[in-house]
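Where a number appears in this text, it was derived from the coordinates with a stated rule and is not lab data. Fair warning: this is a prediction, and the values are worked out from it, not measured in the lab. With ideal geometry, Cβ positions are generated from the backbone for all residues, glycine too; neighbour counts draw on all protein chains shown.
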Amino acid sequence: MDVKKLLSRMTLDEKIGQLVQFGPSIYKNFEEIRWDTLRNGEIGSFIRVRDPKMGNKLQKCAVEESRLGIPLVFADDIIHGYYTNFPVPAAEACSWEPELAERTAALAAKEARASGIQWTYAPMVDLARDARWGRNSEGAGEDPYLLSCFAKARVKGFQGDDISAPDKVAACAKHFVGYSACIGGRDYNSVEMSEQTLYDMFLPPFFAAIDAGVATVMSAFHDFNGVPCAGNKWLMTDVLRNEMKFDGVLISDAGAVGQLQTHGYTEDEKDTAKKAMDAGTDIEMASFTYTHHLKELVNAGDISIERLDEAVLRVLELKNRLGLFENPYADTDMANSIGATEESLALARECARKSIVLLKNKNNILPINKKSKIAVIGALAGNEDDMNDVWSGKTKNAVTIYAALKADNYKVRYAKGYDLKTDEVFVEEALKAARECEIILFVAGEGINYQGYMSGEARNRSDIKIPKIQQELLTELKKTGKPIIAYIFSGRPLALRNVDEAVDAMLWSGGLGTETGNAVMDILSGDYNPSAKLVWTFPTSSGQSPYFYNHNNTGKPPIREIWYSSKYIDAPIGAQYPFGYGLSYTSFKYDNLRISGAKFTVDDVLEASVDITNTGEVFGEETAELYVRDVVGSRVRPVRELKGFKKTGLYPGETKTVTIDVPVKNLGFHNADMEYVVEPGKFLLYIGPDSESGLKTEFFVK
Ligand code: NOJ
C-alpha cells in the first residue's frame, strides 16, 4: 500500500481518526461503541478486543463500510503469554537467559496474532530500583545492562524480522521514561531525576529496544522533573525522536493525555490536545482530546498540518508493515484452534523452572526425599489464579504446587493456613498437618488479597514483607521443630529477613504461569537443579527502599561501628540477598581470573576469563557475572556495574573456562556537560556468582 498516497486522500476527520484508540476505560461492552464513528473513519485502533469474532465485526465496519477502508489495528497487553502463561517478565529474567525470553515472546506473539491481535504493549523496559513500586514484576529488574539484553530479546521474539508474518506482532517499549522512579515507589507519582541518571540508567534499555527495531513506544503517566511525559516535548521529540532516532508510533498511556489537565499542566481539553500533539504524541489512548479539538487546532494553524500528517503517516505505516491492508481479518477457525500445546507447555515449564531462585538451603535439605511426608501449608499452594499473576493471558488455568505434588505421588497433607482474601489465619489446621509430617513446605508471599493483586499497576506497598497472617502462621509452624522449606511468590523484591531466620530452605519466584506446580516440583525433587539468580536486590527491610546494587560509594561508606557513616541504626547495612544472587544444589569454585591486557583504549574489546569448577555432586548451571568499577571519575561512579554475563553447564568435577568480552566503549557515563565519556584511569573488574562477591583484578584505560 502506498500510504503517502492514501494520506493525500484523507480528510482532516479521517486523519484525526487514525490517532484515536478506543480502550477499556471507554466502553464496558461493545454495545456502547458508536458504529457510525467507526464507519466515518474516526477510530484508528482498539485495545483489548479478545473475541476475534467481535474484532472481525469491528474490522469489517472499518474496512468495508468506511470511505477509505483503512483497517483497524488491535492492541493488547500480551505481557507473559496469551493462552499459555509464561512466568511474569521479571521472574523469567531471573533465568539470565535472554534467548529464553525471545522464545516465550515469540510463542506469545504466535498465539496472540492468531487470535486477531497484532500489537502488544510489551516489553516494559522500566528500570526497577524501588521494591515498593507495584510494577516490578513487569520488567527485568534493576540493572540497565541486563534489562537491555532482555529488551532486545523480547522485541526480537515478538516482532521477528517481519511483523506482517502470521505469527508476529508489533512490540511496544514502555513507559517512556523514568516511570519506575516515582517518588516513594508510588505508581504515577512525580519523578525527579538528573539528566545523567536518565541517560546512564533509564535510557539504555529503550536504546536497546529501538536498536532491535521496536515498532512503537508508549509514554508514561508521570511528570518528569515537572513536565508530564505525554506533553513533554523535550523527552518525546528532542530525546526520543531526534536523538534516539525512534521513527515508529508513539502512543500515550491510557488516559495520560487527558490527565495533562489533572496534573495541572494544561488549562483545558483544547490546550491538552495541543500540548500532547506538540510534544510528539501520535496516538491518544483512551482519552478524547484529539477527537474533540485537533480539527479546530489544525484549522486555526495552532497545530501544523505537517505535524498531523507525520503522526498519521506513522500509524498508516505501522498498519502497512503489519500487512493489515492485505490481511485485515482474524481467521476465526485458526483462533478457535489456538490453545496450550505440548510445545507451549514444555516451554512454559522450562522457563518456569529456570525462573526459580534458591535463596537458602541449610544442610542441603533440598531436594526433598520423595519418601518424606510433606505438609504443604499455604493457600498460595492451591490457588490457580495466584499462579498466573497480573496481565495473565486469555486463560487462567494453571497447575498448582499442591496438585503437582499429588500427581507425582508424594505423601502430602495440605492445609490452607491462611486466606488472603479474608485476612484470616487457620493455625490449628496447619499445625495438625505439620505434626503429621516430617517436612513443612510453607507457601507464602503475594497473591490476590481482599484488595486484589498485591503487585501490579497501582499495587504499591509501603511494607514489603510477607503478609502479617503468613508471618504469624510461620512463627507457629516454627514451634513444631520440623524442618521448614519456604516457597515465596511475589511481584517485587520482598524483605524476607524474618522468613530467612525461621526456615531451613527458601525458594523464591514471581508468578510462574500455567506450569507453576510442575516447575516447582522439578526443583523440589531435584529433577532440575536451580540456576536462577535475582534481578533485584532484596533488602532486609522496607525502609531500605530504594535499594540497588549499582549505587555510588558516598564519602562516608557504611560501617556499623562508625557513627557518621551512611547506614541505618535499626537495619543491617547490606542487602538480605544481593542482586545476581542464587544458589544451586551443587557448588561452584571460581579460579584464575585473567584479562587480555593491562591497558586498553576506548576502541578495544577487553576479554576476561575465569575457570569455573563444579565442586559438588550434581550437574548444575552457573551464571558468571562480570562487574566493573571505574575507580575515579569526574562524576562519582557506582561501586559496581554489570557489564557482561555468561551461563554455563558443568558436570561434577568439571572445569570450564568462561570468557566474557567487554567493549571498552561500554564503560563510560555522562559527565557534567552531558557528554558520554570513557575516562582514562584505573578500573576494577570482578567476575563472580553475584554482585557482592567474586574474584577481582584491575586494568587501565588509556
Ligand atoms: C496502563 C498501563 O500503564 C500500560 O502499561 C498498559 O499498556 C495500558 N494501561 C493499556 O492497558
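Summary of computed values
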| read-out | value |
| --- | --- |
| Where trypsin sites (Lys or Arg not before Pro) fall in DSSP loop in the range 8-113, at most 11 other Cβ within 10 Å | Arg9, Lys28 |
| Residue order, fewest to most beta carbons within 10 Å, for Trp119, Trp234 | Trp234, Trp119 |
| Whether the range 290-365 is rounded, prolate or oblate, judged on the alpha carbon gyration tensor where a/c under 1.5 counts as rounded | oblate |
| Rounded Å value of the spacing that divides the Cα centres of the range 289-343 and the range 73-129 | 21 Å |
| Fraction of beta bridges assigned by DSSP in the chain that are antiparallel (%, nearest 5) | 55 percent |
| Relative contact order for the chain, counting Cα pairs under 8 Å that sit 6 or more residues apart, in percent | 14 percent |
| In the range 160-259, trypsin sites (Lys or Arg not before Pro) in a DSSP loop with at most 12 other beta-carbon atoms within 10 Å | Lys245 |
| Hits among lysines - C-alpha to C-alpha of Lys656 under 18 Å, sequence gap 8 or more where chains match | Lys589, Lys646, Lys647 |
| Approximate spin-label separation Lys599-Glu438, in nm, with each point projected 7 Å along Cα-to-Cβ | 6.4 nm |
| Relative contact order of the range 590-702, pairs being alpha-carbon contacts under 8 Å that are 6 or more residues apart, as % | 34 percent |
| Mean residue ellipticity (222 nm) of the chain, computed from DSSP H runs ≥ 4 via -39,500 (n - 2.57), nearest 500 | -7500 deg cm²/dmol |
| Eligible lysines near Lys275 by straight Cα distance, threshold 26 Å, same-chain separation 8 or greater | Lys4, Lys15, Lys174, Lys233, Lys245, Lys295, Lys319 |
| 29 Å Cα-Cα threshold exceeded, pairs from Lys57/Lys274; Lys416/Lys482; Lys533/Lys665; Lys156/Lys394 | Lys57/Lys274 |
| DSSP-defined antiparallel bridges as percent of all bridges, the range 588-701, nearest 5 | 95 percent |
| Where GluC sites (Glu not before Pro) fall in DSSP loop in the range 359-453, at most 13 other Cβ within 10 Å | Glu436 |
| Rounded to whole Hz, the Karplus (6.51, -1.76, 1.60) HN-Hα couplings of the range 62-76, x for glycine and proline | 5, 7, 9, 10, 8, 4, 9, x, 6, x, 7, 10, 9, 10, 7 |
| Spin-label pair Thr237/Val618, simplified geometry with 7 Å Cα→Cβ offset, distance in nm | 6.0 nm |
| Fraction of beta bridges assigned by DSSP in the range 3-335 that are antiparallel (%, nearest 5) | 10 percent |
| Between the range 562-634 and the range 189-215, the Cα center-to-center distance that results, in Å | 25 Å |
| Hits among aspartates and glutamates - C-alpha to C-alpha of Lys168 under 13 Å, sequence gap 8 or more where chains match | Glu102, Glu111 |
| Taking Phe158, Phe700, Phe246 and counting other C-beta atoms within 10 Å, the order from fewest to most | Phe700, Phe246, Phe158 |
| Amide H contacts under 5 Å for Tyr577, placed H, 5+ residues apart | Phe538 |
| Cβ-based charge dipole, the range 592-702, positive-most Cα from Ala672, Thr697, Leu684 | Ala672 |
| FRET efficiency for Glu310 and Arg50, using Cβ-Cβ distance with R0 set to 35 Å, rounded to 0.05 | 0.65 |
| Exposure proxy order (Cβ contacts within 10 Å, fewest to most) of Lys406, Lys589 | Lys589, Lys406 |
